[in-house]
1. Could you sort the peptides 302-308, 94-100 by per-residue average Cβ neighbour count (10 Å cutoff), highest mean leading?
2. Helix 122-133 versus the longest principal axis of the chain: what angle, 0 to 90°, nearest 10, using Cα atoms?
3. With springs only between Cα atoms under 10 Å apart, run a GNM on the chain and tell me which of ALA153, ALA234, ALA273 wobbles the most.
4. From the residues PRO119, ASN105, GLY232, which one has its Cα farthest along the dipole of the stretch 27-299 in the positive direction, the dipole being from +1 and -1 charges on Cβ of Lys/Arg and Asp/Glu about the Cα centre?
5. Just to verify a number: FRET efficiency for GLN178 and TYR51, C-beta to C-beta distance, R0 = 41 Å, to 0.05?
6. With viscosity set to 1.306 mPa s at 10 °C, what whole-number translational diffusion coefficient in µm²/s follows for the stretch 149-270 from Stokes-Einstein and a Kirkwood radius over Cα pairs?
7. Between the helical axis of 42-54 and the dominant principal axis of the chain, each derived from Cα atoms, what acute angle in degrees is found, rounded to the nearest 10?
8. Given C-alpha coordinates of the chain, what is the ratio Rg to Rh with the Kirkwood estimate of Rh?
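Just so it is clear, none of the values below were taken in a lab; they were calculated from the coordinates. On a predicted model such as this, the values are computed, not experimentally measured, just so you know. Don't worry about glycine lacking a Cβ; one is built from the backbone with ideal geometry, like all the others, and counts go over all protein chains shown.
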Amino acid sequence: MMIAKKFFVFLLILAGLGNISVAQKSPLRVLIVDGQNNHEQWPKITAMMKYDLEQTKKFTVDIQRTRYTWQGDKWAAQYPVKGGPETQPLKEPKMDSAFHPKFANYDVVICNFGWNAAPWSAAAQQDFEKFMKNGGGLVVIHAANNSFPKWPAYNQMIGLGGWGDRTEKDGPYVYYDQNNKLIRDTQPGKAGSHGAQAEFVITVRDSKHPITKGMPEKWLHSKDELYDRLRGPAENMQILATAFSPKTNNGTDRNEPMLLTVQYGKGRIFHMALGHADYSVECVGFITCLQRGTQWAATGKVDIPIPKDFPTEDKVSQRKFDQ
């Protein structure tokens, strides 16, 4: 009888140790890559995303910046990368041969750059492709879907892209029509456009996915560019949410993808077309999608809750960034 009691106590101790190990599990390791970007506020947006991720206590975030940058240096000076290279303004992309992060040191990479992003070296590209094929995570933010049109693997990872001379050669337009039918449109045409910035309603198309589960079916996103006419390989891709792009604002009268996921090898990609400026990134909808999408890309699971201040269909919700 005494032996049975001691064994029971031993099991309780083991259970307690198990709980401790879960509670002390290390945060997910995140690398934000930024640099050349045709959006002036890119360094500030990188700082905002780092803050919003680390506020959850589930992530630690490093930043690596390509040496050659767009003319957004007032923000780069205000939100510098510690230990990063000096920047200089360039109007044309130029390869930073020294840029070669150790992707394998991270669980997930976030790309925050634009159509004029500094090209990566062949070695950096190969290492990133290996990282993704082996199960790494990737989060693509807004203008990062404009980047690297001549890098086949990157285009497969992002699923859909815009600008950068993308046309029907790169894949179909993908959208929901006004009858809510998913369309893969192979007609000729350039990729990427948007009307004037405005608030717009996000419609969740897959409410069972871990990223969008628990979100209202419709929620109002703060002022932003609504990307439309995106096209690309669109392989192993799932659209999570869309927004209607009205012709009255130089749009398409189609429901355009705003949130999507892609599988690349064993790797998971979360692609969010939102995030033009600081007021766009202050949207609680954006913040929540960033946090949950980053966790999913890294692990395939999400336990970050939908916050009480999440936007509704007719009311924007923002958290001002005053850091």
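1. So the order, starting with the most tightly packed, is 94-100, 302-308.
2. Rounded to the nearest ten degrees, it is 50.
3. Maximum fluctuation in the GNM of the chain, among the listed residues, is at ALA153.
4. Final value for the positive-end residue is ASN105.
5. 0.60
6. Stokes-Einstein gives a translational diffusion coefficient of 108 µm²/s.
7. 20
8. Rg/Rh for the chain comes to 1.02.
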